Each structure stands twice: as structure tokens, then as C-alpha cells.
Amino acid sequence: MTRAAGAAAVADASRLRDVAGFRVWRQSLPLLPFECLDTAPRQSAERYQRLAERILSSGWRCGSHLVEDLSAPIAWQGGPRSVSFHLHSWDPHAILLMAYSLTGQWRFLAPCLSVALDWLDRGNDSRGAAEILAARGSDPQAGGGSFAWYDMAVGLRSYRLGYLLDAAARLDDVPDDIVARLLHSFRLHLEVLADEAFLVAHTNHGFYQALGQLAATWRYRDDAMIAGSYRQAMQRVRAMLDRQYFREGTHREHSPGYHLATLATIKNATSSGIVEDPDTSTLIAAAERALAWFVLPNGNIAAVGDTDPWTLDPADEPAQRFSDPLMRWALSQGRLGEPIPYGLKVFGEGGWLAVRAKPRATASCAEESYLLQWAGFHSRTHKHADHLSFLWFDAGEEVVVDAGRYFYSHRTEPDSPEYRQGYWYGDPHRMYVESTRAHNCVEIDGQDYQRRAVKPFGSALRRWGGADGVFWSECDVSHADAIRHARLLAFRPGHFLLVCDWLSGGSAQSHRFDQWFHLAPAFEVEAAIDRFCAVDPHRGTRLSIIPALPGTRLLAPEKGVNEPRIQGWFSDRAGSLVPNWAVALRAEGPSAAFATLLVLGDEVAIDSAATQANPSGRKGRIGWRDERGVHRLSFERPRLGMGWVNFETQAG
């Protein structure tokens, strides 16, 4: 028998070949529960029903955008890019189908059927698989196009369509012609998903394609036509998990938000019964434990890269949705689970370093000190121009912050200067939050770090340690124009953060180096002669930012600036920006050396006689006096061997 004849025989044996046989088959079996592939931890049955009721009464919300009515006709196009994508993914179905699965109430299924038929009425499945696949890779919104067959949307929509088809086939009030339309579209979705060239294996989009294919075929896996697609999906899910996560448990796409989303999805898939694999369980456990280190003391996920600042809804008891005791402790702010070990945690593959500590014995979980540095570049995916940046939480609040995600806007043109610089989205403020100057980085000649047409360097973490209550890290990278950049962070929880940067070019060409710091929106800033003074007027937290070495000058602080270039904005939630203070120190020349001291307090004086560093920054010491006493920090960064940082303090 030829391969084509074998495929034809399988198709003939399939119960998906005709509507009548399909309905008899499905009605002879119990309706399996809806597969939960949410990007948030699985919620309680009561919570799903409340959310479904809200959609029926008030509409479906996508970020700040509200779709008030889910009855036909649906405005599939014309809105924000992310809204169009989520609509074509049939995201409103996720909650409504879960509510129907839990209650069996028609009022939750009816709008899903209406939305699906409206999508079909637009001719979205009128093309064959070959024509759909021929158009892959193009911008879904270019030339008036749509997200109808966008890679990730197909994966998400397919399993929702699969459940809707299964549920509708059992209802006598749903006529055969409607079931036939759903069945035809379902077969088309599976044919498109099966094509290897359609799988976006290098990003999380492929992860959701593979999981969507697995969930779509899982309930029909006993059918001759579906069995092969089901096996393919299982193999893809295993491969995609390895591509999404390092074995240490960190996500490869530079974003704690996507770490959480993909982890929640695979945990939900496991609890739904569609993923049963020991290796997957081991990786899930590692990813969950790693994510605990990306939760701030206030319970927020660290807003790094394409991550929105947000808190999992306490009303839904998010800690209960995780099994790892460290993650439960972090999300419950110490009420559940086991405490995260205080001290330094390094994820060497991903290029992350975190410190969590009690600044005093009586400090609550929300008052703990926290530092997170990221020094990884593994691909362009969700990577901002933010090499070696960091954020700092202390004294019960965020002190130094990252700009956040903002939102995904219209795409840049492939031949535009912005695209060549590595910007995929064209909104000016979206480009700002990706830029080097929007992060706690050193900006060189007003340009961003390269992310496109450059080889990712992996992890730039070189050495780290902790002693005498001070934790430190050393990183180095090479930028454009052969500029070598080394950064040393030294952190004493509840007290100070020292940020040292050494930059040197390969020639005598002069450069402009700006060392940026971004303060949380709660802080107000004033520039004095030799320092920046910041205060949170509501909490009373004070911060001094002081250059310890000569050769730099303070730039004017900026907040909420749009011209001549954007600066001083912070994304407090998806689609929103609020002003925040950005401060910088500048050095000019072929090389630069920064040693900037950020101290919690306002009585700080540098001891110039006790402060010096050699030009290469390989060895140095910083001395100063503040409200806590007299301090000396010395360091050595040899080219080979072990580096060290030593801290001495005495009352004064």
C-alpha cells in the first residue's frame, strides 16, 4: 500500500469523516472536562463562574480594552494589536467554556458558539491548508490582514474549538450543519498545526502551538486520523519545554512574566491530565522553584523585560495554586510554605543573580531587602537593550525599578531604521521601554545596546560572592565599537548598593557614557552640587546617589519627558505609563570609570582620602560616612582566579 493510499484508508476509518458518525461517537462517551491552558494559575470553580458571569453582564476585558458585547458581529480587526490577537485566539472562550464545563449551563456555551460562527462567517476557514501555510511568516496586520491564522492564535484557538465541537455535537438543539462547519474547521486547524514549518520552535509561540495541538487532539486521540497528530504533539511539547527553560529552571526569554505564564500553562495542562511525563514533572518543579526568586517581597512579579508589574489576585489565593514551598511562601508573603533561603542565588545558565535578606531581625516579609540583576542575552525574543541592569526593593518598597513592558503596538517596517536597530514594535513609548536609557545601564553615545544582527553572549555573570553582610557580582560584556564593559555590584541589604562600571574602547576615539538610574514613581528627586537626593514623601524613605570617583558629572534629572527624546516613564500596568525620575552621571573620553553609591539615608559623605581605584577597575576601595557609621569597601577583580569584596564598618 502506498503512503497516499494508507493515509486515505486512515481517513476513511476516521470518525471525523462525517457529521452523523461523529455525533454518534461523541454522544456515546462522557464529555471530558475543558482543558485549562490559562497563563495564570488555575482558579477555583467558584472563581471561574464569577468571571464568566462578569463577561456575560459587562463584556470581556483585554488589558485596558473592553469588548462590551460578544454577540455577532464581532469587531475582529481595527483595535489594538494585542486585542485583535486575543480575539482571534478566542480568548473569551477560555473562561466561558470552563464555566460550561463546570456547570453544564447553556448560557455559558451559547456566546462561544456565536463567536465561533461569526469567525467562520468571515470566511476565515475558506482557504485550504496549503494557501494558509504559504502566507506564514508575514505580519498578520500588514496590508489589512488579520490574526486569523497567526501561529500562536491557531494553537490557542484549536483546543477551544475542539471542546466547543465536542460539546455542540451532543446537543440536539445544535443542527448538523453547524456541527459540520465546526468539524471542518477543526480538521483544517489540525492540518495546519501538523506542518513542521508552521511551528515557531524558537519562541514561546511554538510552546503554545504544541500545547494547543496536544489539548485539541487529546480528547479525540482514539480516532485513527487524530492518533498521529496526538503523538506528534506529545513529542513537540517535550522538545518545546527544553527550548523554553534551562535545566536550572529559568526561562530563556528574559522575562519573569513569560516564565510565570508558560509555567502556569504547563501546570494547568498537567492538572488537566493531558501531560503525563516524568521528565516534564522534573522540569516543572525546577521552574517553579526558580520563579520564587523572581517574586518581590511585596508579592509582585519582578517587572523585567516584557513583564507587566502586577500582583496575583489575593482573593484567588495564588499561593495555593503552586506546590513548591518556596513559591507558596513568596506569593503568600510568608504565610504558607517554607522561607526562601536568605542570601545570594545565582542562575548561571540564564544569567540571573538575586539577593534576598532581612535588613533587621524583626522585619516582616514585605520589609525584606531584595536585589535582582540580569546579565543574560540568549536571543532577541523579549530581550530589551538592558545588559547588566538591576532592580532594588528595600524599606518596604521598590526603590530602583525597570521600565516594564508597556504594550505591543503596531509592527515596525522591515526596512526601517527602527527595525534594523532591533525594535519590532513602532510605538515611540514602546521603543522607549526597550531602550538602554530606560534601564539601569550605561548608555554609550546615546545609542542602544545591539540586539539584532549580533551573536547573543549567553550569560555575562563572571564572579559573585558574599561576606561581612555584603553580596556582590561581577559581569562583563563587549558592546559596539569594541567597547569592553565590566560592572561590579556590591549590596548591603537595608543600607547601600554600590554600582561600579568600567568601560574602555579599542582606540583613542572619545565616547559619551551615561550611567542611568530609574527610581520608583513614589520618589521625588532634587539634584545637589555633588549628588542626587531622593525621598518618598509618603513613606519617608530617603536615598542618596553619590559619585565616589572623580571624572563624572551629574546630568539634570528627567521625569515624564517626551521631547527631544523620551525619558523618565514607568509602565505601572499593561498599556499605561506614569512619570518617574531618571537620573544619570556622565563621563566622556576613550574610557570611563563610575563608582556610584546609592545609600538609604541623606547624611552621606565620601571619604576622598580613603577612595581610589586603578584605571582598569581591577582593584580599588571606597570610603564613606553615613548615619550608620564609617565604612570601607575594598575589592579586587584579577584577570584570572578568584575576585573578592571586603567590607568594614565601625560606629562613627
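A short reminder: the numbers here are calculations on the coordinates, not readings from a lab. This is a predicted model, so every value here is computed, not measured. With ideal geometry, Cβ positions are generated from the backbone for all residues, glycine too; neighbour counts draw on all protein chains shown.
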Computed over the chain: relative contact order in percent, which uses C-alpha pairs under 8 Å that are six or more apart
9
Long-range amide H partners of residue 399 with built H, under 5 Å:
392, 393, 394
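Under the definition of Cα pairs under 8 Å and six or more residues apart, what whole-number percent is the relative contact order of the range 376-453?
Values: 109 pairs, mean separation 28.1, N = 78.
Reported as a whole number, the value is 36 percent.
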Sorted by chain and number, the residues with a modelled amide H under 5 Å from that of residue 389, at a separation of 5 or more or across chains, are 374
In Hz, Karplus ³J(HN,Hα) per residue of the range 99-109 (6.51, -1.76, 1.60; θ = phi - 60°; x = Gly, Pro)
5, 5, 4, 7, 10, x, 8, 4, 5, 8, 7
Need the C-alpha centroid separation for the range 18-47 versus the range 413-486, integer Å.
45
Summing -39500 (n - 2.57) over every DSSP H run of at least 4 residues in the chain and dividing by its residue count gives a helix-only mean residue ellipticity at 222 nm, to the nearest 500 deg cm²/dmol, of -9500 deg cm²/dmol
Put a dot 7 Å past each Cα toward the Cβ at residue 107 and residue 126; how far apart are the dots in nm?
3.6
What does the net charge come to around residue 438 if you take all other residues with beta carbon closer than 10 Å to its beta carbon, with K and R at +1 and D and E at -1?
-4
On a C-alpha basis, how far is the centre of the range 107-134 from the centre of the range 166-234 in Å? Whole number, if you could?
13
Would you mind checking which residues have amide H under 5 Å from residue 411's amide H? H placed 1.01 Å from N; only 5 or more apart, or other chain.
426
Vicinal HN-Hα couplings computed from phi for the range 603-616 (Karplus, 6.51 cos²θ - 1.76 cosθ + 1.60; Hz; Gly/Pro x)
10, 10, 9, 6, 8, 4, 5, 9, 10, 6, 8, 6, x, 7
With θ set to phi - 60° and the Karplus curve 6.51 cos²θ - 1.76 cosθ + 1.60, what are the ³J(HN,Hα) couplings of the range 442-447 in order, to the nearest whole Hz, using x for Gly and Pro?
9, 8, 10, 6, x, 10
Inter-label distance, nm, simple model (7 Å from Cα along the C-beta direction), residue 362/residue 68
5.4
How many nm separate the modelled label positions at residue 539 and residue 610, each set 7 Å beyond the Cα in the direction of the Cβ?
2.9
